[in-house]
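The values are calculated or read from the model by the stated rules, or taken from the named source; none is laboratory data. Everything quoted here is computed from the prediction, not taken from an experiment. Note: areas computed on protein heavy atoms with side chains; ligands, DNA, RNA excluded. Shrake-Rupley method; radii C 1.70, N 1.55, O 1.52, S 1.80 Å.
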Amino acid sequence: GDAAMSVLFFVTQAVQVASIWLLVFGLTGVCERLFRKENRTVRYFVDASYWIYLMHFPLCIFFPALFRFWDAPGVVKMAAMIVLTTAVLLVIYHFAVRGTGLGVLLSGRRYPVWPFTRDRGPEPAPTE
């Protein structure tokens, strides 16, 4: 009856929690193995991620308002908003945040605004 359903519910919840934790630990191990050496592209997105996290919410309000009359499936609108929000915030991060004091505050290091120039100066010290 009810007692058996309660036990079954508890067991299924415990199995779900355990499987998620194992997934997290497994993905952490996979990432540590795959990303043993420094990858500049991954480093760039890691540095930009906090900026994107902090600033995405206003754009997630603004862009759906722009798309409200667009007659497209919701999944297409969502994909467009994700790409547009990420692209806008990456451009702003690159030109207005990365090489400034705000970039130092967010990532702990200062980078040149344009990372592909030949004369970049010394590499910043790692913060890890």
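Which of rounded, prolate or oblate describes the range 43-113 when judged by the alpha-carbon gyration tensor and an a/c cut-off of 1.5?
Judged from the Cα gyration tensor, the range 43-113 comes out prolate (a/c at least 1.5, a/b above b/c).
What list of ³J(HN,Hα) values in whole Hz, one per residue of the range 87-96 in order, does the Karplus curve 6.51 cos²θ - 1.76 cosθ + 1.60 (θ = phi - 60°) give from phi, with Gly and Pro shown as x?
5, 4, 5, 5, 5, 4, 4, 5, 9, 10
With every protein chain present, what accessible area does Ser49 have (1.4 Å probe, heavy atoms only), rounded to the nearest 10 Å²?
About 60 Å², rounded to the nearest 10.
When a/c reaches 1.5 or more, the comparison of a/b and b/c decides; with that in mind, is the range 1-52 rounded, prolate or oblate per its Cα gyration tensor?
Oblate.
If you compute Cα Rg over 2.2 N^0.38 Å for the structure shown, which of (1) 1.12; (2) 1.54; (3) 0.96 do you land on?
Answer label, from the structure shown: (2).
Using a 1.4 Å probe on the protein chains only, how many percent of the accessible area of the chain belongs to carbon and sulfur?
Reported share for carbon and sulfur atoms: 72 percent.
Ordering Leu23, Leu102, Leu59 from largest to smallest accessible area (1.4 angstrom probe), what's the sequence?
Leu23, Leu102, Leu59
³J(HN,Hα) across the range 62-71 via Karplus (A = 6.51, B = -1.76, C = 1.60, θ = phi - 60°), whole Hz, x for Gly/Pro?
6, 5, x, 5, 5, 8, 5, 9, 6, 8
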